[in-house]
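Structure first, commentary second.
What follows is calculated from the coordinates using simple rules that are stated; it is not laboratory data. Keep in mind that this is a model prediction, so the values were computed, not measured. Here the Cβ positions follow ideal geometry from the backbone for every residue, glycine too, while neighbour counts run over all protein chains shown.
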Amino acid sequence: MEVGFTRKSFGLLGATAAVALALAGGALAEGHSKLKVGLITTLTGGGAALGVDIRDGFLLGIKQAGDVGIDVVVEDDQRKPDVAVKVADKMLQSEKVDIMTGIVWSNLALAVAPATTAQGKFYISPNAGPAQLAGRGCHENYFNVAWQNDGLHEAAGAHAKELGFEKPFILAPNYPAGTDALTGFKRTYEGELAGELFTQLGQTDYAAEIAQIRASGADGIFFFLPGGMGISFLKQYADSGIGLPVVGPAFSFDQTIVGAVGDAALGIHNTAQWSPDLDNEASKAFVETFKAEYGRIPSIYAQQAFDTANLIVSASAKADIKDSDAFREALRAADFVSTRGDFEFGNNQHPIQDFYVREVVKDGDVYTNKIIGIAMEDRQDVYAAECKL
């Protein structure tokens, strides 16, 4: 599916809409080539809600920018590495895309991103940030606008320590992001664990894991289970009656999860680099325009993709995509107004950023998150020291 946008109204009135358009605005510089983006993400099957949010956030950013000479080709990876590779090859060889983006899952990103950069193209991640691509495997054409995978989990580990957890049980799916999750949590928590295990990617029945938690003597739980996995676990955990306090990353408590789980998620603390109630003009404008366009509160997946689109728009206004060196420098400059407020890349082209503590709340009939504190400030991932860029 190829999507091209021309400047048109969102049907919104008032200052918020005007601010949003101004923040994302730009125009194709005179003499610059048109730019083509290949967006591969998960649109069907398990985890589709995450990919839909990435697609919608990215397309909103491009749409708000107006006629800036950017076309977007959207394809479904079905959360399957072989499908992602096949689609990426088609985009690079047949569609002749200049930039690849969109992948949710780290195992798919590891299959697609290095092949993209090896062909002289750019991969700009709106989500997956595996350790392998942040450290020794960093590449001048690979950028991550979201985070390195460990980040939100490091923040959760620091917060669990602050809350007084002495023996938590931790779990995550058995794939690269799951490994990074538990590694990140342990790096900042630094204490004794009641248990640690990896579940199957896409698992929906957690009876055995909940039994292990019950028998472990744990005084709290940390879990990273994005998408449908998190919905299944939280519902089953609530039904178990164990009642231990829970801390997790935003991936386990995004808009799709807390809405599906309901009251069982209320009061749980989670960590994120952004929240719908973040108090800056760019974020407020993004939330309002996203809600008007799609009828729902944006998740961090949508926010990350929106920032990714605006980074690309800002670079395309400064440099021709055909001049890779100039375009790379324009990306590094990150001269766009981020929904996070201040934004800068570290030497490995991953963000240096704050991580917040959020609490799941109910606003009228809607379950969402609100910021209650800061877990870490100006955090750069530990793998940056291994990157030679």
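Note: relative contact order over segment 189-274, using C-alpha pairs below 8 Å and six or more positions apart, is 28 percent.
A cut-off of 5 Å between modelled amide H atoms, ignoring neighbours fewer than 5 places along the same chain, links Met376 with Phe355.
Simple spin-label estimate for Asp323 and Ala385 gives 3.8 nm between the two label positions (7 Å along the Cα-to-Cβ direction from each Cα). Here semi-axes √(5λ) of the Cα gyration tensor in Å was calculated from the structure, and among (1) 59, 23, 21; (2) 44, 26, 18; (3) 34, 22, 19 it sits at label (3).
Computed 3J(HN,Hα) for segment 147-157, one whole-Hz value per residue from the Karplus formula 6.51 cos²θ - 1.76 cosθ + 1.60 where θ = phi - 60°, is 4, 7, 3, 5, x, 5, 7, 4, 4, 5, x, glycine and proline marked x.
Per residue of the chain, the DSSP helices (runs of n ≥ 4 H) give a summed -39500 (n - 2.57) that works out to -12000 deg cm²/dmol at 222 nm.
Greater than 29 Å separation of Cα atoms is the criterion. Which listed pairs, Lys167/Lys284; Lys121/Lys318; Lys34/Lys388, meet it? Could you put the intermediate results ahead of the total?
Values: Lys167/Lys284 39 Å; Lys121/Lys318 18 Å; Lys34/Lys388 31 Å.
From the list (Lys167/Lys284; Lys121/Lys318; Lys34/Lys388), the Cα-Cα distance tops 29 Å for Lys167/Lys284; Lys34/Lys388.
3J(HN,Hα) along segment 82-97, derived from phi through the Karplus expression 6.51 cos²θ - 1.76 cosθ + 1.60 where θ = phi - 60°, amounts to 5, 5, 4, 5, 5, 5, 4, 4, 5, 4, 6, 8, 9, 7, 6, 6 Hz, with x in place of Gly and Pro. With a ≥ b ≥ c the root eigenvalues of the C-alpha gyration tensor of segment 43-157, is it rounded (a/c under 1.5), prolate (a/b larger than b/c) or oblate? Rounded shape, in that the Cα axes give a/c under 1.5.
Relative to the longest principal axis of the Cα atoms of the chain, the long axis of helix 281-294 makes an angle of roughly 90 degrees. Residues whose amide H falls under 5 Å from that of Arg79, counting only those 5 or more places apart or on a different chain, are Leu43, with hydrogens built in the peptide plane. Backbone geometry of segment 332-349 corresponds, through the Karplus equation with coefficients 6.51, -1.76 and 1.60 at θ = phi - 60°, to 3J(HN,Hα) couplings of 4, 5, 6, 8, 9, 8, 7, 5, 8, x, 4, 9, 8, 8, x, 4, 8, 6 Hz, x marking Gly and Pro. Close amide-amide hydrogen proximity is noted between Gly129 and Asn149, each under 5 Å apart and 5 or more residues distant or on a separate chain (H modeled in the peptide plane; Pro and chain starts excluded).
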